[in-house]
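Working notes for the structure below.
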Amino acid sequence: MNPRRLLAVSRKELIHILRDPRSLGMGIAIPLLLLVLFGYALSLDVDEVPLLVWDQSHTPQSREIVSRFTGSRYFSVKGQPSSYHDIERALDTGDALMGLVIPSGLGRPEAGRPTSLQLLVDGSDASTAAIAIGYAEGVVRGYGLDTSIEALRRAGTRAAVRPLDVRSRVLFNEDLESRNYIIPGLIAVIMMVIAALLTSLTVAKEWESGTMEQLVSTPLKGPELILGKLLPYVGIGMLDVLLSVLMGQFVFHVPLRGSVPLLFGMAAIFLVGALSLGMLISIVTKSQLLASQLAMVATFLPAFLLSGFMYDIDNMPRAVQLITLAVPARYFVALLKGIYLKGVGPGRPRLRGGSARDLRGGHAGPGHLQVQEEAGVTPMLERIKRMLIKEFIQILRDPRMKGVLVLMPIVQAMVFGYAVSTDVSNVRTALFDLDSTVESRELVARFVDSGWFRIVERVDTDARAQDLLDRGRCVPSSG
């Protein structure tokens, strides 16, 4: 390999990029635009749930319950209806997500018959509805616990045992801000998509412009051509990573607790793989249109759905989980989240457009418009009809385009259908039982039988539990 020829190809490709504002904009402006759009628009936080409260009791107990919902940051009381019809109408129109009905018997329960509250929830968004129900049950459960203890105290029961409660301690993302979780993964997804799109057009453009034959006739070798075209885009990709990290730090205020050199070193390795994938697509297709479409399908769907960025891989079917092993973004997303949130570093190595002709046609002058008006609408429709027939014939003659139009929608439907799930189940749990009594074993059995938790390991030291947590192997539980 001749370094002189390699640098000559890199210089030629860099000149092409600088002379083409569209390529430069795709390489720098689009990643920043996507980061801003996704960063502000994409949020998994469920706060200020619009709530309607129908208080049929009007007692001090019911007012205490309403005040607890009002004082919670998770709910926003929008009104107090007087009938079920008002609640149903608010749920239908989207003015409220949940309706709370407090029966008239609250505060005066019959002997042996506990008082129940009713929740009416809009379940069109299953994930949000489940989270809101959990919040509401937590508020009601806290009220019931406090009233039970207060009743025992008034009855003079001094030796009453306080009911079992859970005291949670959140690690790595103490405020449970979804932005701290989304931005690092979003950087990996955007870099994967943009890198493949950039290089997917390079070789195809040479074939379509007719300059590939000239390159083949030169002493230039294949590896020199490929590496020479990759080097400028590696530099652009690293610039994108730098700008994304700066935006995450100063615009979205996401904490960067790990090693910055490790982040950029792993990003360089990841970019080389993503750029090589785009180069492979460009070499195989030899068409800019087909290459861009195939690059988008081959990078965006796997990076967004199968990387663990938005949806937990453990909740996917086993076959889909095996497919995720071949998605590079899966490992880079886990690495970025570890660096940003867990402080992973060397001292803590725990890793897991249209053509110019189309533009000229779109900016026609007044004279051209006047000629069209004089010619009438019928000739214009006839020309559009002929163009559609021509494009349809070209699609039928090109087996690759037929594959894109037929197979890609089927693949996308299957991937979305099986991979996209907001259900939280099979939560990996490490058990640290400090009690080892009949009661603790009963509690563990309830966790196992619930179907929501999966005991991955029974640990006997805090160090082992912390190690599993750092590696992302589990969500720890102690008893």
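Remarks
- The residues of region 28-151 expose on average 55 square angstrom of accessible surface per residue, using a 1.4 Å probe on protein heavy atoms.
- The count of lysine pairs in region 182-340 with alpha-carbon distances below 26 Å, taking only pairs 8 or more places apart or on different chains, stands at 6.
- Once you divide the Cα radius of gyration of region 1-122 by 2.2 N^0.38 Å, the number left is 2.14.
The values are calculated or read from the model by the stated rules, or taken from the named source; none is laboratory data. This one's a predicted model, so the numbers in the text were calculated from it and none came from an experiment. Remember, those area values only see protein heavy atoms, side chains included, never the ligands or the DNA or RNA. Shrake-Rupley method; radii C 1.70, N 1.55, O 1.52, S 1.80 Å.
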